[in-house]
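The values are calculated or read from the model by the stated rules, or taken from the named source; none is laboratory data. Not measured: the values here are computed from a predicted model. Reconstructed Cβ throughout: ideal geometry from the backbone, glycine too, with neighbour counts over all protein chains shown. The area values use the complete protein model at the heavy-atom level, side chains included, leaving out ligands, DNA and RNA. Shrake-Rupley method; radii C 1.70, N 1.55, O 1.52, S 1.80 Å.
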Amino acid sequence: MTAILHIYTVLMITTSIGAVGANLILLLLFASHLKLRTDTWALTLNLSLCDLILGISVIPVAVYSSLLGGGIFSMNNIACKLLGFLFVFLQVASLNSLVWATIDKFTEICFPLRYAQMITKKRIWIILVLLWIYALIVSLFPFMGFGEYSFSSDVYMCLPLFNSSTTAYGVMLLSGGVLAPILTISVLYIAIIHIARNQAKRGTFVCNDQHCYYVPIRSYFRNTVILIVSAFYLLVCWIPSVTISFYEIFYAQNVPTIVKMTSIWLVVLTSGINPWVNTLAQRKYRKALRESWRKLKRIFEDMGSSSEPPSENERHSSIQSHQCLPGHNMTNPIQS
């Protein structure tokens with residue numbers, strides 16, 4: 001059991017570092033590339049912020065509790081309940097941000113001529129406000145007596161309590177907060193893949209102000225692979241935890257610790273995968289990432305070249321050029 005706990009701790013530490021690093025990269029791209037700030041970039045920003053906060057708050061506390069065998073959070077005090085609230089709040093907000101980002105992608109592909117009228121900046125901000133209100137209400141229910149947050153000694157985290165006494169809240173949270181968003185995303189991805197497949201069969205011409213050009217089939221297939229991966233990793237990461245939670249609600253039996261650890265690690269792993277699969281896999285973000293890398297590489301090369309001392313020939317040529325500048329005394333040393 002000690003070896004399993006050590007592996008679990010290492011995986012959580014790696015996940016926290018990966019989530020923080022990936023989402024910081026995305027935020028830096030937004031800060032340095034104004035062209036990425038489209039009308040709908042707030043959805044991606046919201047998703048990234050949720051995953052970033054999860055990576056710097058909830059996951060490190062789980063690591064802390066696993067190293068100390070529980071610590072202060074194992075007492076089911078207000079700190080534990082606040083941590084459980086933060087976990088549910090961020091996960092619900094993250095999943096629903098992903099849903100609306102997928103709806104935006106679906107609208108852009110299926111209704112290209114009406115996209116600008118359907119998806120506006122004002123509507124995006126209204127969606128975000130409603131999204132945060134919904135996540136806040138769902139995560140506040142246990143403080144109102146509908147559900148409960150409790151410390152789980154199996155995974156060393158404060159989570160919603162799933163048993164026969166919290167059946168209504170558990171079913172509501174798992175169905176409306178987790179399964180509904182994941183199923184919505186999967187259905188939309190299937191629809192997008194179907195449309196892309198039909199477009200690839202008949203070929204597509206994309207036009208701009210100057211000319212039209214043919215879009216090759218492989219570009220659609222490449223985008224299809226990304227969509228399949230996006231839907232697949234959500235199912236793989238969330239279904240084990242949802243299944244275990246439903247099992248505990250209706251059968252009230254203990255699940256092996258290693259199974260619980262694996263399921264909760266897969267859930268928090270999404271915070272590190274989301275920025276890569278859903279955002280950085282897009283062409284414009286990859287291009288911005290390459291540009292940023294080249295700029296950073298150029299800066300380091302300039303710093304390295306400036307730190308090297310000049311050679312004898314460079315110093316000699318510098319002295320000669322300095323003497324030839326106007327205003328310098330060019331008298332012969334013999335005359336003086």
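For residue 121, tell me the accessible area in Å² from a 1.4 Å probe, rounded to the nearest 10.
110 Å²
State the percentage of accessible surface on the range 3-99 attributable to carbon and sulfur atoms; use a 1.4 Å probe and exclude ligands, DNA and RNA.
Accessible surface attributable to carbon and sulfur in the range 3-99 totals 77 percent.
Skipping prolines and chain starts, which residues have an amide H placed within reach, meaning under 5 Å, of the one on residue 76, given they are 5 or more residues away or on another chain?
151
For an R0 of 25 angstrom, estimate the FRET efficiency from the Cβ-Cβ distance between residue 79 and residue 17 and round to the nearest 0.05.
Taking R0 as 25 Å, the efficiency between residue 79 and residue 17 is 0.60.
Once ligands and nucleic acids are excluded and a 1.4 Å probe is used, how much of residue 157 is accessible, expressed in Å² to the nearest 10?
Rounded to the nearest 10, that gives 10 Å².
For the ranges 12-19, 138-145, 41-48, 91-98, what's the packing order if you count other beta-carbon atoms within 10 Å of each residue, average per peptide, and put the highest first?
Those peptides, ordered most packed to least, come out 91-98, 41-48, 12-19, 138-145.
Tell me the Kirkwood hydrodynamic radius of the range 74-151 in angstroms, computed as one over the mean inverse distance between distinct C-alpha pairs.
Over the range 74-151, the inverse of the mean reciprocal pair distance is 14.4 Å.
Once you've got the Cα coordinates, tell me which of 105/295; 35/121; 122/295; 105/284 are over 25 Å apart. Please list the in-between numbers first.
On the way: 105/295 30 Å; 35/121 15 Å; 122/295 34 Å; 105/284 14 Å.
Over 25 Å apart, Cα to Cα: 105/295; 122/295.
Between residue 33 and residue 255, what is 0.36 nm times their sequence separation minus the Cα-Cα distance? Round to one decimal in nm.
Using 0.36 nm per residue and subtracting the Cα-Cα distance, I get 75.2 nm.
Let me have the relative contact order for the range 1-101, percent, based on Cα pairs under 8 Å that are six or more residues apart. Could you put the intermediate results ahead of the total?
Values: 68 pairs, mean separation 35.9, N = 101.
Result for the range 1-101 is 36 percent.
Does the range 81-121 come out rounded, prolate or oblate, given a ≥ b ≥ c as the square roots of the eigenvalues of its C-alpha gyration tensor, rounded meaning a/c under 1.5 and, failing that, prolate meaning a/b above b/c?
Prolate, since a/c reaches 1.5 and a/b exceeds b/c.
Using amide H atoms built in the peptide plane, which far-off residues or other-chain residues are under 5 Å from residue 157 H to H?
152
Mind grabbing the accessible area of residue 184 for me, 1.4 Å probe, Å², rounded to tens?
In the full protein context, residue 184 sits at about 60 Å².
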